[in-house]
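Just below is one structure, and these are the notes that go with it.
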Amino acid sequence: MTRTITKHAKAKAIGHRRATLARISGGFRVAVAGIAILAGISAPAHAQGWKPTRQVSYTVPAGPGGALDQAARKIVEIAEKRHLIDKPIVIENKPGGAGRMALAPLDQHPGDPHYLSVITYSLLTNQIMGQLPVGFEDYTMLALLFGEYVTVSVRTESPIRDALDLVERLKKNPNSLSLGVATSLGNHIHVGAAKPLKAAGVDISKMVVVPYKSSQESLTNMLGGHLDVMASTTPNVLAQMQAGRIRVLAVASGSRLDGPFSSIPTWKELGVNATYDSAQGVMTSKGVPPEAIAYWNDFFKKVSSDPEWIEFVKSRQWEPRYRNATQTRGELARAYQDSREVLTDLGLATR
């Protein structure tokens with residue numbers, strides 16, 4: 001009898017343990033299912049990634065009305081018109097300090113993608129010349145939007161007949177002519193003119209280069225006979241070229257430009273193996289999350305493919321050139337080395 005009771009008790013205990021395990025197992029399955037449901041609910045929110053949650057500040061390292069300002073405002077105009085963003089983008093003009101004024105908001109808000117600033121090649125040249133303690137690697141590059149080319153011009157009455165005549169005069173006596181650039185020595189305008197002249201055999205370190213506050217000021221001085229030669233990007237010479245008041249001698253592009261500049265030879269066509277182009281784009285502060293970079297990449301890709309933007313860029317004889325964040329870093333690294341070489345020859349490189 002005792003053995004029977006013992007067997008019965010053991011059977012009962014085993015049944016109890018099995019029931020307990022079943023309840024635990026069932027609870028585990030419910031918990032797992034709950035986690036899966038929660039994951040399923042949160043997945044779409046994660047997939048949406050980052051987007052602006054407040055006003056976006058977009059600093060421009062130049063005053064209102066100039067080429068940099070016009071491009072930034074056209075971006076905002078298109079973004080609002082096409083409903084590409086549901087938060088306002090506010091343009092803030094912060095010229096001065098070799099670009100430091102425009103960089104200050106990015107420096108003050110590390111990791112915050114609500115702060116944008118314009119990329120210009122002055123960011124590279126100012127670092128090389130020691131005017132900026134930072135460079136492009138200290139920020140998050142987002143996109144390049146267009147390329148721009150440097151021209152060399154003279155007034156119509158100038159005795160300089162063409163670009164090769166200019167080269168010959170400067171080879172014989174590098175300081176016999178004055179070259180105007182805006183807005184500072186060693187910037188992309190200066191480099192864009194000096195690189196092909198160096199390739200043609202001119203001792204660019206001995207040239208007389210005069211910096212002006214703007215290309216309009218250098219143009220006025222050239223037209224007035226106070227300056228021999230002017231270097232500038234295409235938008236700044238277009239009107240006076242079409243009016244017949246100046247002659248554009250050459251452009252530093254790899255191939256001929258379209259439209260009004262289709263008659264202007266490239267340096268390469270003239271036998272000078274040199275090209276130079278700078279670009280403009282957008283960057284943000286260092287340390288922003290990958291989701292924010294992806295958002296702005298998509299945003300600026302949409303802007304750059306918009307017909308209104310393409311027409312705007314072409315009307316200024318710029319080259320439409322969208323580059324994503326990775327491509328932008330690569331292009332700037334190559335441009336840094338290119339600019340450094342020319343600035344070293346000019347005696348302006350300190351780093």
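The values are calculated or read from the model by the stated rules, or taken from the named source; none is laboratory data. Just so we're clear, the structure is a prediction, and the values are computed from it rather than from any experiment. Cβ coordinates were reconstructed from backbone atoms using ideal geometry, including for glycine residues, and neighbour counts include every protein chain displayed. Ligands, DNA and RNA are excluded from the accessible area calculation, which covers all protein heavy atoms including side chains. Shrake-Rupley method; radii C 1.70, N 1.55, O 1.52, S 1.80 Å.
Given a Förster distance of 41 Å, report the FRET efficiency between residue 333 and residue 172 from their Cβ-Cβ distance, rounded to the nearest 0.05. The computed FRET efficiency comes out at 0.65.
Counted by Cβ distance under 12 Å from residue 172, the other residues give a net charge of 0, where Lys and Arg count +1 and Asp and Glu count -1.
Roughly how far apart, in whole Å, are the Cα centres of region 65-118 and region 191-270? Result: 29 Å between the Cα centres. Taking 0.36 nm per residue of sequence separation and removing the Cα-Cα distance, the residue 213/residue 294 pair yields an extension gain of 25.5 nm. Derived scalar couplings between HN and Hα for region 188-201 equal 5, 5, 4, 4, x, 8, 6, 4, x, 5, 5, 4, 7, x Hz in order, rounded to whole Hz, by the Karplus curve 6.51 cos²θ - 1.76 cosθ + 1.60 (θ = phi - 60°), x for Gly and Pro. Is the shape of region 255-325 best called rounded, prolate or oblate, per the rule: a/c under 1.5 gives rounded, else a/b larger than b/c gives prolate, else oblate, with a ≥ b ≥ c the square roots of the Cα gyration tensor eigenvalues? Oblate, because a/c is 1.5 or more while a/b does not exceed b/c. Averaging the Cα positions of each part gives two centres, and for region 299-333 and region 126-175 these lie 21 Å apart.
Checked against a 23 Å cut-off, the cross-linked pairs 171/195; 195/268; 213/314 give Cα-Cα distances beyond that limit for 213/314. Compared with the direct C-alpha span, the chain from residue 311 to residue 258 gains 17.8 nm at full extension, assuming 0.36 nm per residue.
Each residue of region 82-96 was assigned a 3J(HN,Hα) from its phi angle through the Karplus expression (A = 6.51, B = -1.76, C = 1.60, θ = phi - 60°), giving 8, 6, 7, 8, 9, 10, x, 10, 10, 7, 10, 7, 9, x, x Hz with x at Gly and Pro. With the charge dipole of region 142-261 set up from +1 on Lys and Arg Cβ and -1 on Asp and Glu Cβ about the Cα centre, the Cα lying farthest toward the positive end among the listed residues 187, 143, 204 is that of 204. Note on residue 350 and residue 107: their simple-model spin labels are 1.5 nm apart, each label 7 Å out from Cα toward Cβ.
Comparing the chain with the 2.2 N^0.38 Å rule of thumb, its C-alpha radius of gyration ratio is 1.50 (two decimals).
Taking every protein chain into account, the accessible area of the chain amounts to 48 square angstrom per residue (probe 1.4 Å). Here the Karplus relation 6.51 cos²θ - 1.76 cosθ + 1.60, evaluated at θ = phi - 60°, turns the backbone of region 304-310 into coupling constants of 5, 9, 6, x, 5, 5, 4 Hz, with x for every Gly and Pro.
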